[in-house]
Structures are given as C-alpha cells and as structure tokens.
Amino acid sequence: MKKIILAVFAFFAFGVQEISASGDQGFFKSLEYEVNAGTNIGGASPIPLPAEIRKINSYSPELNLQIGASVRKWFGAEDKWGAGLGIRFETKGMKTKATVKNYGMEIIDNGKTLKGRWTGKVQTKYHTQQLVVPLTAFYRLSSRVILNAGPYLSYAFRNDFDGYVFDGYLREGDPTGEKISFSGDSKASYDFGNELRTFQWGMQLGASVKVYKQLVVNANLEWGCNDIFYSSFKTVTFNLYPIYLNLGFGYVF
C-alpha cells in the first residue's frame, strides 16, 4: 500500500517538475495538476433487484478511502474543453444482510462443501483495493465549476467477498433437492473472493467546485460496466455491478 501511495505522489511530482522546466510555453501552457482524496459510498448491486432477493435487512458502507493525482490539458482560447489522465488508489466495500429465496449458494458446513439454492438470511461482506486509471473529458461550466465524464480501468490487488447464511435451509443442487436446515445459532460460511475479477472497467461522471483559491470539492459517480465476478462463475445467478459516489477534495496546481 505504501508503494502505491508513493507512486501516486511521484506521478504528481514529475508533472510539476515538467511544468516548471517548460514555463508557460507550448503544450504546457494550459496544463493543470491536481492531488485529491476522498471517500467512496456505495456497493456492488444487481440491476434491477432480482426475484431471489426478497428484502434488504441492513446495509453498512465501509470506510472506503481514496487518494490520487491527475493531469489535465485545456484546449481553445477560453479553455472551455479539456482532457485528462489520472491515477488513484481506492478501496470499495460494503456489508449487507438480506432475506433471500432460491439464492444460488455454495457453503462450507463442518468442513463439507454444499452447493444449491438457499432460502433464508444471508450476510455478505465485499471489499476490494484497486488501482484506478480514469481517462476524462472536462467542460468548464464557469470559473468555479468544472464537469467531467469518461471511462476508467481498474486493477484489483485485493478482493474479498464472503459471509455466512443462517435461519433458513439449503436445497442441494436445485430448488427440489434435499433440504438441509439451519436454525437457531446454526450458520454456515461461504467465500467467493477467488471468483472476483482482477480487471474491471466503468464510467465516471461528476463535477468539481472551486471553494477557495486552488482548493476544490469533488463529487463523482462511478458505475462499473461489468460483473464483479468472472463470467465462468455461475453460483451467483445474477450480475453485480460496483456503483459508488466519491466525495472528496483536491488541490489544483
């Protein structure tokens, strides 16, 4: 993690050095750099909510921190339009409890793996640490407000998706299979972390508002465009897309 953070600031320092060396001439005349930090609020969600999920009993976002740097180039006499490239380290995660019916599941009970359809309660924890590279188009709405949109690519160097089931029963194989009940304090765990994608991509849409000199407040919606699981993973029968609102601040040079 320390190496990632150092790489982000090395990226920024290199850009500042380039600007200083080139002065206000040529390509670097309308070049800006920003360092930023913030938090992600959201989760991995099916779109729309499938019939298997009957009720969301609780939802808790984790402390999902983000730190990064970006460079952008403005074009035209009035610097209305621009393009930028960034790099950021971020965490995303959530905890949920839900009531489900015929939910695809593979659990571990007393060292034995059981696979089938679960009806009852399920608790899930999702956590990922990623290096994200956004490629962004900018539009200067006013002297204080800048809009942005564009795709991003991400590489996950840590992925977790686990939890446990309780207060219900598993039908082995399919909804008509042998019934295995869990009641009272009885529960069984599951772990799908190895089935999460390493590479993801999505779209980002947001805005920055200058609040004081070079200090800006940022809000960006990140919407993943592919399932967090590999396509070969069939236990969970619907797609889950990472959808997060990033709120934070930045300093522009």
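The values are calculated or read from the model by the stated rules, or taken from the named source; none is laboratory data. Worth saying up front: this structure is predicted, and the values here are computed from it rather than measured. Cβ: placed from backbone, ideal geometry, glycine included. Neighbour counts: every protein chain shown. The area values use the complete protein model at the heavy-atom level, side chains included, leaving out ligands, DNA and RNA. Shrake-Rupley method; radii C 1.70, N 1.55, O 1.52, S 1.80 Å.
Go over the candidates Tyr190, Tyr251 one by one and state the one that is open to solvent by 60 Å² or more (accessible area, probe 1.4 Å) and part of a strand (DSSP E or B).
Values: Tyr190 fails: open to solvent by 60 Å² or more (accessible area, probe 1.4 Å).
Going through Tyr190, Tyr251 in turn, just one is open to solvent by 60 Å² or more (accessible area, probe 1.4 Å) and part of a strand (DSSP E or B): Tyr251.
Check the stretch 204-221 and report whether any residue there is at positive phi, small (Gly, Ala, Ser) and open to solvent by 20 Å² or more (accessible area, probe 1.4 Å).
no
So for the stretch 148-167 (the condition being without any contact (Cβ under 8 Å) to a residue 12 or more places away in the chain, more than 23 Å from Phe233 (Cβ to Cβ) and open to solvent by 20 Å² or more (accessible area, probe 1.4 Å)), does at least one residue qualify? Steps first, answer last, please.
Let us first name the residues in the stretch 148-167 that are without any contact (Cβ under 8 Å) to a residue 12 or more places away in the chain, namely none.
The answer is no; no qualifying residue exists.
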